[in-house]
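The values are calculated or read from the model by the stated rules, or taken from the named source; none is laboratory data. Model, not experiment: these values are computed from the prediction. Using ideal geometry, Cβ is built from the backbone for each residue, glycine included, and neighbour counts are taken over all protein chains shown. Accessible surface is based on the protein model in full, side chains and every heavy atom, while ligands, DNA and RNA are left aside. Shrake-Rupley method; radii C 1.70, N 1.55, O 1.52, S 1.80 Å.
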Amino acid sequence: MKTEVSTAANFVARLLRGTGLLSEEQLQQFRFSLEEALGEHYQHHWFPNAPCRGSGYRCIRINHKMDPLIGKAACTIGLPKEQLFSLLPSELTMWVDPYEVSYRIGEDGSICVLYESAPPSDTNQTDSCKDELRIGRSSPSKSFGMMTCSS
């Protein structure tokens with residue numbers, strides 16, 4: 001879980017770094033606080049043998065409202081939620097699942113994979129959560145694409 005949580009926190013911190021409005025010290029404190037909050041939040045909702053189980057609970061979401069875990073981390077560096085909201089995309093979804101971290105900007109954006117690893121061979125897991133999302137979508141409103149993004 002540590003790698004997945006760290007990947008998610010680093011991604012949000014990189015989005016904030018791109019604004020140029022926060023110091024490196026603030027960004028490090030934000031990242032540390034977000035990692036801590038995510039780790040605590042996911043503690044009893046992490047199922048490596050069934051990675052999609054609990055995926056909705058682990059979803060980080062900004063949709064014209066700030067995700068409370070990101071907001072909590074922002075408070076530790078004195079960044080008001082209103083300012084934080086203006087610095088991040090107004091629509092961001094990030095899935096933090098065992099063996100995979102992916103995100104989408106906008107409701108109809110492509111899903112980008114930030115981190116992906118193979119589950120241990122002793123698990124029965126076959127499809128990733130993003131594959132289940134894609135397969136389970138009965139009638140997408142627009143064309144649906146996925147791409148892998150590396151940093």
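Residues in segment 41-51 that are part of a loop (DSSP other than H, G, I, E, B) and surrounded by 12 or more Cβ atoms within 10 Å (Cβ to Cβ): HIS45, TRP46, PHE47, PRO48, ASN49, ALA50, PRO51.
When restricted to residues that are closer than 17 Å to TYR103 by Cβ and surrounded by fewer than 13 Cβ atoms within 10 Å (Cβ to Cβ), segment 15-40 contains 1.
Using the structure shown, decide if LYS65 is touching a Gly at 6+ places or on another chain (Cβ under 6 Å), open to solvent by 10 Å² or more (accessible area, probe 1.4 Å) and at pLDDT below 95. When the stated conditions are applied, LYS65 does not pass them.
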